[in-house]
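The values are calculated or read from the model by the stated rules, or taken from the named source; none is laboratory data. Model, not experiment: these values are computed from the prediction. FYI the Cβ positions are ideal-geometry reconstructions off the backbone, even for glycines, and counts take in every protein chain you see. Each accessible area value is taken on the protein alone, full model and side chains, heavy atoms only, with ligands, DNA and RNA left out. Shrake-Rupley method; radii C 1.70, N 1.55, O 1.52, S 1.80 Å.
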Amino acid sequence: VFFAALASSQFPISNILEIGTFKGETTRILADLFPKSHIDSIDLSHDEIRNIGTYAYAVDELPNSKEMPINVKLKTQNSLKLIGETLEYDLIWVDGNHKSPYAQIDIACAIRLIKDKGFVLCDDVYLKTPRIEKESGSESIDTILAFKEAGMINSFFIRKRLGKKFNNKITGTKFLAVLQRKLL
């Protein structure tokens, strides 16, 4: 919904970075909403995904470049390599590995790579660590709060899903963090 609202606004989006392609569902949504934008979508190689078990259950469903819209460039790379990236983006979607150190590095790189007034959205942020969550904990929120306390970003949070099934003491509540870098 946030992406659709942004697409219908007058906010100019020409370069998008997606960290964590997975099946390419969000990639295709971004391509449809921002057809004049260039999208770099990065994720591990299929072999690495099989080897480390990250969503290995879906490895046969992972996209290849031929299946993507023309404005999308799939890049096979570990997101840690974004440390050396210099291209700036208007919009960055962070949905890579949610564990340490990847979550922290992905968020830090996104904040560094976002253009002034651009938006960084982080998926699956818990404000409080849920009892049963094994894939994500406080890594993202701790990183976001550290940048906020340092006066480097503005942030707000949107519930990812509605309904008791997704928002209770056991499962916790997932949020999307919306970040904008402050001008220093």
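Tell me yes or no: at least one residue of the stretch 76-94 is modelled with pLDDT of 90 or more, part of a helix (DSSP H, G or I) and of a type in the set (Asp, Glu). No. Scan the stretch 124-141 and give yes if some residue there is at pLDDT 80 or above, within 24 Å of residue 88 (Cα to Cα) and surrounded by fewer than 15 Cβ atoms within 10 Å (Cβ to Cβ), otherwise no. No, the stretch 124-141 contains no residue that is at pLDDT 80 or above, within 24 Å of residue 88 (Cα to Cα) and surrounded by fewer than 15 Cβ atoms within 10 Å (Cβ to Cβ). Do we find that residue 117 is assigned to a loop (DSSP other than H, G, I, E, B) and in contact with a strand residue (DSSP E or B) (Cβ under 9 Å, 6 or more places away or on another chain) in this structure? For residue 117, the condition - assigned to a loop (DSSP other than H, G, I, E, B) and in contact with a strand residue (DSSP E or B) (Cβ under 9 Å, 6 or more places away or on another chain) - is not met.
Just one residue in the set 110, 7 is under 24 Å from residue 149 (Cβ atoms) and either open to solvent by less than 60 Å² (accessible area, probe 1.4 Å) or touching a Phe, Trp or Tyr at 6+ places or on another chain (Cβ under 9 Å) (or both); that residue is 110.
As an exercise: evaluate residue 109 against (1) in a strand (DSSP E or B); (2) in contact with a Leu (Cβ under 6 Å, 6 or more places away or on another chain) and give the number of the one condition it does not meet. Residue 109 satisfies every listed condition except (1).
One line per residue, one yes/no per condition, for (1) open to solvent by 20 Å² or more (accessible area, probe 1.4 Å); (2) touching a Cys at 6+ places or on another chain (Cβ under 9 Å):
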position	(1), (2)
3	yes, no
11	yes, no
14	yes, no
48	yes, no
64	yes, no
77	yes, no
85	yes, yes
103	no, yes
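Out of the residues in the stretch 142-184 that are at pLDDT below 90 and basic (Lys, Arg), which is nearest to residue 109 (Cα to Cα)? Among them, the one singled out is 182.
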